[in-house]
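Data first, discussion second: the structure below is written as structure tokens.
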Amino acid sequence: MNYFEKLLRPNIARLKPYSSARDEYTGDEGVFLDANENPFNSPYNRYPDPRQRVLKAKIAAIKGVEPGCIFLGNGSDEPIDLMYRAFCEPGVDNVVSIDPTYGMYQVAADINNIEVRKVLLTADYQMDVPALLAAADDNTKLLFLCSPNNPTGNCFHIADIEAILKGFKGMVVLDEAYIDFAPGKSFLPRLAEFPNLVILQTFSKAWGMAGLRLGMAFASPELVQVLSKIKYPYNLNILTQQTALELLDSVSEMENWVKLLLNEREVLSAELAKLPFVKKQYPSDSNFLLVKTEEPRKIYQYLVGHKIIIRDRSSVALCEGCLRITVGSPDENRQLLDALKKY
Ligand SMILES: *Cc1c(COP(=O)(O)O)cnc(C)c1O
């Protein structure tokens with residue numbers, strides 16, 4: 001029996017998935033009269049590959065994992081939702097999450113009618129491991145971590161993540177959306193070491209493909225099979241699959257963007273530090289800066305007036321007075337700084 005099987009919702013453990021025409025016959029060539037498609041309007045007339053085999057093979061090579069350990073979703077938001085639907089019985093089960101963090105864990109919980117037990121980070125934005133473990137009970141199925149964390153920007157201590165993985169008896173979802181910007185290592189090479197680990201990554205940030213909607217979950221092949229049987233059969237359309245396949249050839253371009261953005265982040269941070277209303281900047285391992293100011297709401301509105309949009313995070317736990325600023329192109333960052341200097 002797999003580690004996670006006893007944690008699954010019984011209806012999901014029993015579920016017999018929809019079998020599509022393209023699941024039963026997987027060859028590329030032939031006369032396709034099996035899916036009630038229109039023979040005209042190629043290539044859009046054909047359903048996409050529901051198993052995304054070509055794209056997964058390419059991602060497997062880039063990430064150094066087996067294709068069977070990869071789940072691909074319509075953004076990371078899809079595997080987040082599927083984890084709830086696979087493991088959490090609405091109105092009965094609960095999850096534990098760090099606080100503050102990415103808002104989608106809470107929204108997906110609310111949609112699925114699942115309680116989120118939030119555990120505050122420490123003052124220096126690290127995890128309170130004993131409190132996180134103590135928040136769990138017999139109905140806690142998932143524990144959400146995000147490193148580097150959004151909106152705080154920092155990575156968590158490796159030893160703390162290990163302690164959670166070893167101490168928590170449910171599934172740990174570790175969101176590594178910003179890992180390409182971080183000096184710390186991904187947990188991906190250690191996937192097999194922790195049977196309860198699910199790692200999320202995305203093509204929306206370092207890879208510059210947010211509009212394509214392509215997210216990844218890495219897990220044991222058995223768990224990937226469970227998520228695959230709950231997803232919409234054709235969750236990734238052919239434009240996303242084909243375009244991503246082409247763009248994945250430019251690993252070096254992505255690496256150059258990351259270098260440029262990390263350099264820009266340091267330039268931007270140094271300039272922000274000179275502004276009188278900037279009280280504090282938090283260390284960032286990502287492509288954004290969390291900046292504490294005296295008048296976050298007014299600064300936000302002032303910038304909107306100049307058609308520069310940042311994120312007001314001042315109402316988020318532990319983020320009093322904070323604005324979150326994405327590192328843009330050199331020109332965009334200059335426009336931001338020019339406007340702020342006149343504030
Ligand atoms: C931006 C972001 C994502 C990306 O979500 P997609 O649905 O893949 O675009 C995931 N997690 C965190 C923490 C993020 O900030």
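Of note:
- Of all residues in region 148-182 being open to solvent by 10 Å² or more (accessible area, probe 1.4 Å) and of a type in the set (S, T, N, Q), the one that is farthest from D77 (Cα to Cα): N154
- With respect to being within 16 Å of the ligand (Cβ to nearest atom) and in contact with a Leu (Cβ under 7 Å, 6 or more places away or on another chain), I161 fits the description.
- Tally, over region 118-127, of residues that are without any contact (Cβ under 8 Å) to a residue 24 or more places away in the chain and open to solvent by less than 60 Å² (accessible area, probe 1.4 Å): 2
- Region 195-216 residues that are part of a loop (DSSP other than H, G, I, E, B) and more than 8 Å from the ligand (Cβ to nearest atom), paired with ones that are modelled with pLDDT of 95 or more and among the hydroxyl-bearing types (S, T, Y) (beta carbon under 8 Å, 6 or more apart): P195/S220; A206/Y178; M209/T243
For (1) at pLDDT below 95; (2) part of a helix (DSSP H, G or I); (3) closer than 27 Å to N150 by Cα, each residue gets a yes or a no:
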site: L33; (1), (2), (3): yes, no, no
site: N38; (1), (2), (3): no, no, no
site: N45; (1), (2), (3): no, no, no
site: P48; (1), (2), (3): no, no, no
site: R51; (1), (2), (3): no, no, no
site: A57; (1), (2), (3): no, yes, no
site: A61; (1), (2), (3): no, yes, no
site: L72; (1), (2), (3): no, no, yes
site: D81; (1), (2), (3): no, yes, yes
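- Every listed requirement among (1) of a type in the set (D, E, K, R); (2) more than 16 Å from the ligand (Cβ to nearest atom); (3) closer than 17 Å to S220 by Cβ; (4) in contact (Cβ under 8 Å) with a residue 40 or more places away in the chain is met by K58 save one, (3).
- I308 falls short on exactly one of the conditions (1) at pLDDT 95 or above; (2) loosely packed, with under 13 Cβ neighbours inside 10 Å, and that condition is (2).
- Residues being touching a Pro at 6+ places or on another chain (Cβ under 8 Å) and crowded, with 16+ Cβ neighbours inside 10 Å - total across region 103-117: 2
- In region 232-338, counting only helices (runs of 4 or more DSSP H) that sit wholly within it, the ones holding 1 or more residues that are under 17 Å from P151 (Cα atoms) and among the hydroxyl-bearing types (S, T, Y) span 251-273, 296-305.
- In region 68-86, of all residues being open to solvent by 20 Å² or more (accessible area, probe 1.4 Å) and under 12 Å from the mean Cα position of the chain (by Cα), the one that is nearest to the ligand (Cβ to nearest atom) corresponds to D77.
- Hey, V92 closer than 22 Å to N149 by Cα and away from the ligand (no atom under 16 Å from the Cβ) or not: no
- Test result for V54, surrounded by fewer than 21 Cβ atoms within 10 Å (Cβ to Cβ), closer than 26 Å to A206 by Cα and either among the β-branched types (V, I, T) or over 26 Å from the mean Cα position of the chain (by Cα) (or both): yes
- Residue among N150, N154 that alone is out of contact with any strand residue (DSSP E or B) (no Cβ under 7 Å at 6 or more places or on another chain), more than 23 Å from F4 (Cβ to Cβ), within 11 Å of the ligand (Cβ to nearest atom) and in a loop (DSSP other than H, G, I, E, B): N150
The values are calculated or read from the model by the stated rules, or taken from the named source; none is laboratory data. Here the structure is a predicted model, which is why all the values come from computation and not from measurement. Neighbour counts are summed over all protein chains in view; Cβ atoms, including those assigned to glycine, are modelled from backbone coordinates with ideal geometry. Ligands, DNA and RNA are stripped out before the accessible areas are found, and what is left, the full protein with its side chains, is counted by its heavy atoms. Shrake-Rupley method; radii C 1.70, N 1.55, O 1.52, S 1.80 Å.
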